[in-house]
Amino acid sequence: MSIQSINIDNYNYDQLDINYRKCNIPNLDDFQLRPATNQAELLDRVEKLDKILPKLGVKNILEQANRQGTKSTILQTCNPNATLKRNLTNPSYCFNPSDSGTINGNVEWMPQGVTTVADARTSQIWNTKQPILITWYDKKPSKLTNTDADKIKGARITFFDPETSKYQHVLLVYPYINNNDNITYMSLRTTQKDGYDSLHAGGIVWYDNYLYVADTARGFRVFDMRFIFDLNKATNGDTNDKNLIGFQNGKYFGHGYRYIMPQIGAWSSIIPRDSNKTCTINAGSATFSFVALDRTGSDHLISGEFCGDKIAGGNIDKSGRVARWPLDQTTGQPKLIDGIWKANAAYRLPISNIQGAVSFENKFYLSRSQGAKNGFLYRTKSMNSSTGILEIESTHYAAVGPEDLSHWPKLDGNSGDLWTVSEHAGKRLLYSCNINKLNNREEIGNICGEKLDLV
C-alpha cells in the first residue's frame with residue numbers, strides 16, 4: 001500500500017494512553033462470514049479444469065523453480081536499501097532483479113502477504129520442503145505502456161524455497177463457464193468482471209491443503225494446493241503470450257505464467273461492508289487487509305484492517321480492528337456455528353497504518369509502514385478477554401514498507417520467528433525477526449531491535 005505517514009518520532013504517546021481509555025471496543029456481531037453462494041459451482045469448475053489440464057505439486061514446483069533469489073550473507077542484508085543500512089541478524093532474502101525493482105520504469109507487481117509451511121503443517125515439512133509463500137498484486141501503470149503490463153493480471157503467489165533461494169510464481173485465477181459453455185478462467189479482480197481492478201491480496205494463510213487469501217471488501221478467497229495446473233505440460237496450453245488469459249482459440253493461457261491456481265471457494269461478510277464507514281467508530285462489517293495464523297491453543301485465522309494515518313488522525317477508534325476466526329484442525333476449514341463462521345474475539349488496533357498482525361500466546365505483533373522511512377514492529381501487552389483495545393508494549397525497527405506477518409514457531413516450543421516482506425520497488429526484502437531476541441540490548445537500533453525512545 002502506498003502510504004503518506006505521520007511522523008511517528010513525534011507521536012504523542014501520553015495522548016495515545018488517554019485515547020486507549022476513551023475508545024470503544026469492537027462488536028463481535030460485526031465479524032460473521034457465510035460461504036459463497038456459488039461455492040459448489042466453483043469447485044465443479046475446478047474439477048472440470050482438472051480433467052483437461054495436468055497438475056504439479058508444491059515439491060516439484062520448487063525443484064524446477066525458474067527464478068533465483070539471494071540469501072543475505074552480511075548484516076546489512078542483500079538489499080541495504082530495504083533496511084536503510086540498519087543491521088539484521090536474522091535470515092533474509094532478496095528476489096531477483098526483475099522482481100526487486102521496476103521494469104522499464106514501471107512497477108508491475110507489489111508483494112503483500114506472507115505465509116509459511118509452519119502455517120500449513122505442525123511438522124513444518126511439506127513433502128521434504130519448507131516453503132515460504134508470498135502474494136503479489138498487479139499494480140496498474142500510471143499511464144498506458146502499450147505492453148502486457150497494461151493488462152489486469154490480478155494476483156499471484158510466489159513459492160520460495162529458503163534452502164536454495166529458488167522460487168516460482170503461480171498465477172491465481174477465477175474459474176467460470178464462458179458463453180460457449182467452455183471451462184475457462186480470468187485474473188482475480190475486486191469484482192469478477194471485466195474492468196475491475198486486481199484483487200489486493202494483502203494477506204495469506206496456508207492451512208493444511210488450503211490457501212486463504214484476504215479479499216479486502218468481502219472476506220477470504222480459498223484455493224487448494226491439490227489444484228495447481230501446469231500450462232507448459234498441457235497439450236493445449238500456451239505460456240508465451242503474456243497478453244492473454246483463459247481459454248481462447250482452443251488454447252489455455254495464463255498471461256505467460258506456467259502455473260495457474262484456480263479459486264475453489266470463498267467466505268464473505270453476512271452484512272456487506274459499507275465503504276463509507278470503513279475506519280470509523282461504527283465501521284460495521286470488517287475489512288480484510290491482512291491475515292495470519294495463531295496456533296496457540298486452538299487454531300485461529302487472524303484478520304485485520306488497514307486504516308491510514310490521514311483517515312485515523314490519531315483517533316484509535318479509526319485505527320482499525322483485528323479479529324480471531326476459529327479453524328477446524330481436522331479439515332483445514334472454518335469451524336462453524338449454524339453454518340456461519342463467527343469470530344470469537346475482536347480488538348481495536350492501538351495505532352493506524354498497520355499492515356500486518358499475528359498473535360501468539362495472547363500477545364499481538366503488528367507491522368506498521370512509515371512511507372520511505374523504516375517501518376515498525378510492535379509487540380502488544382497480553383490480551384486475555386474476547387474484546388478490548390490492544391496496547392503497545394514495545395516498539396522495534398522494521399524494513400521500509402513492511403507488510404503482512406507470519407509466525408514460524410520452533411518445533412521445540414520456543415517462540416521462533418516472525419516473517420514479513422517489504423513492498424517498495426528497489427527496497428524489497430523477505431526477512432524474519434526472532435521473537436526471543438526482540439528486546440535484547442545487543443539488537444537495539446537493528447532491524448527487529450527495540451526503539452527505546454518510543455516507549
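Within region 396-403, not a single residue is modelled with pLDDT under 95 and either hydrophobic (A, V, I, L, M, F, W, C) or surrounded by fewer than 22 Cβ atoms within 10 Å (Cβ to Cβ) (or both). Considering only residues in region 27-53 that are over 20 Å from Trp325 (Cα atoms), in a helix (DSSP H, G or I) and touching a residue at least 12 places away in the same chain (Cβ under 8 Å), the one that is farthest from the chain's Cα centre (by Cα) turns out to be Lys48. For region 443-455, filtered to residues that are touching a residue at least 40 places away in the same chain (Cβ under 8 Å) and assigned to a loop (DSSP other than H, G, I, E, B), the residue that is most open to solvent (accessible area, probe 1.4 Å) is Val455. Could you tell me which of the residues Lys373, Lys335 is surrounded by fewer than 24 Cβ atoms within 10 Å (Cβ to Cβ), out of contact with any Asp or Glu (no Cβ under 8 Å at 6 or more places or on another chain) and either closer than 30 Å to His424 by Cα or not aliphatic (A, V, I, L, M) (or both)? Every option except Lys373 fails the conditions. Screening region 140-247 for strands (runs of 3 or more DSSP E) wholly inside it with 1 or more residues that are closer than 19 Å to Ser98 by Cβ and within 24 Å of the chain's Cα centre (by Cα) returns the ranges 155-160, 166-177. What tally of residues in region 248-272 results from selecting those that are among the β-branched types (Val, Ile, Thr), closer than 30 Å to Phe31 by Cα and not in a loop (DSSP other than H, G, I, E, B)? Selection size over region 248-272: 1. Among the conditions (1) in contact with a Lys or Arg (Cβ under 9 Å, 6 or more places away or on another chain); (2) of a type in the set (S, T, N, Q); (3) within 30 Å of Thr420 (Cβ to Cβ), the only one that Asn232 does not satisfy is (3). Number of residues in region 198-214 that are touching a Gly at 6+ places or on another chain (Cβ under 9 Å) and either surrounded by fewer than 24 Cβ atoms within 10 Å (Cβ to Cβ) or not β-branched (Val, Ile, Thr) (or both) equals 11.
Of everything listed in (1) within 18 Å of Ile354 (Cα to Cα); (2) in contact (Cβ under 8 Å) with a residue 60 or more places away in the chain; (3) surrounded by fewer than 24 Cβ atoms within 10 Å (Cβ to Cβ), the single unmet condition for Thr420 is (3). Inspect region 97-117 for any residue being at pLDDT 95 or above, assigned to a loop (DSSP other than H, G, I, E, B) and farther than 23 Å from Arg368 by Cα and give the result as yes or no. No, region 97-117 has no match at all. Taking region 152-197 as the range and being within 28 Å of Gln68 (Cβ to Cβ) and surrounded by fewer than 17 Cβ atoms within 10 Å (Cβ to Cβ) as the test, the residues that pass are Glu163, Thr164. Looking only at residues in region 75-92 that are farther than 21 Å from Asn436 by Cα and touching a Leu at 6+ places or on another chain (Cβ under 6 Å), the one that is surrounded by the most Cβ atoms within 10 Å (Cβ to Cβ) is Ala82. The residues listed here are Ser352, Ser285; of these, the one that is farther than 25 Å from Ala399 by Cβ, buried (at least 18 other Cβ atoms within 10 Å of the Cβ) and of a type in the set (Gly, Ala, Ser) is Ser285.
The values are calculated or read from the model by the stated rules, or taken from the named source; none is laboratory data. Here the structure is a predicted model, which means the values were calculated and not measured. Methodologically, a virtual Cβ is constructed for each residue, glycine included, from the backbone with ideal geometry; neighbour enumeration extends over all protein chains shown. Accessible surface is based on the protein model in full, side chains and every heavy atom, while ligands, DNA and RNA are left aside. Shrake-Rupley method; radii C 1.70, N 1.55, O 1.52, S 1.80 Å.
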